[in-house]
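Bear in mind these aren't lab numbers, they're just calculated from the coordinates by the rules spelled out. Predicted model only: the values in this text are computed from it and were never measured. Glycine also receives a Cβ, built like all others from the backbone with ideal geometry; neighbour counts cover every protein chain displayed.
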Amino acid sequence: MADKRTHFGRAGEFFAMSELLLRGWNVAVPVVDVGDDVFVIDDNDKTTFRLQVKSAESSNAADSNGAIGNFRLSRSQLNAELQMELFYMLLIRVKARWRYLVIPRPELSRIRSNFVEPPSTGKRIGRPPVTDAAAMKDALMLRVTVHDNAADGWNADLSNYLERWPDRLAPVTDGPGAVGGVTETADLPDPELAMDLELGPAPIPDHEK
């Protein structure tokens, strides 16, 4: 694999868009990137969601049976409650394939809050995470460990998000482009063009040869 960070990140975004297209959603990339990587659109009713794609190269887990991906997230984006909801798609490149998690923003925000909260019993192992109120920077780090059918991060079990899609991003099987659906008149071949294709090119008059 080529060692080009810009290409790597864009490869992850195209993988995410490809998966959504295969699920029947339409996708659009903002001309100016101000935080949202992809808009995800249902062509039936124009329901639109935002998608934040994060890609990471894997490193070996401590038990050597899993892979670790480190993701840099925006604290303000994670906490922002907007009308158009946000989903995170976290991609880890493991050998020649992508492992991925799809997590709705409110659920990832709740997981983060639980991670920051001091434990009710006993002592926390290691240095406590920085709370939003005490943070001097917008960036925060999420380390995800992935095994065959399990994942964890921020001291939470993330297995339910591993290569599973939320109900709100269920496959869109009908509407424009659906097989067996109504075809727009504009998509039908022109009768004269169809005849030309069947008959082949017209012969060249002798005086033009």
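For ARG127 and ASP42, FRET efficiency with R0 = 45 Å and r from the beta-carbon atoms, rounded to 0.05?
Numbers: r = 44 Å, r/R0 = 0.97.
FRET efficiency, ASP42 to ARG127: 0.55.
For SER74 and TRP165, what is the calculated FRET efficiency with R₀ set at 22 Å and r taken between the beta-carbons, to the nearest 0.05?
According to the calculation, E is roughly 0.45.
Describe numerically, in nm with one decimal, the distance between label points set 7 Å from Cα along Cα→Cβ at GLU85 and at ALA150.
It is 2.8 nm.
If the only charges are +1 at each Lys and Arg Cβ and -1 at each Asp and Glu Cβ, what is the size of the charge dipole of region 5-180 around the Cα centre, to the nearest 20 debye?
Numbers: 22 positive and 22 negative charges, 157 e Å.
Its charge dipole is roughly 760 debye.
Please state the shape class of region 5-180: rounded when a/c is under 1.5, otherwise prolate if a/b exceeds b/c and oblate if not, all from the C-alpha gyration tensor. Walk me through the numbers before you get to the answer.
Values: a/c = 1.88, a/b = 1.50, b/c = 1.25.
Here region 5-180 falls in the prolate category.
For region 1-63, which trypsin sites (Lys or Arg not before Pro) pass both filters: DSSP loop (anything but H, G, I, E, B) and at most 10 other C-beta atoms within 10 Å? The partial results should precede the final answer.
Working: sites: LYS4, ARG5, ARG10, ARG23, LYS46, ARG50, LYS54; in loops: LYS4, ARG23, LYS46.
Those that pass, being in a loop and sparsely packed, are LYS4, LYS46.
Give me the number: length gained by fully extending GLU57 to MET141, i.e. 0.36 nm times residue separation minus the C-alpha to C-alpha distance, one decimal in nm.
Stretched out fully, the GLU57 to MET141 stretch lengthens by 28.8 nm.
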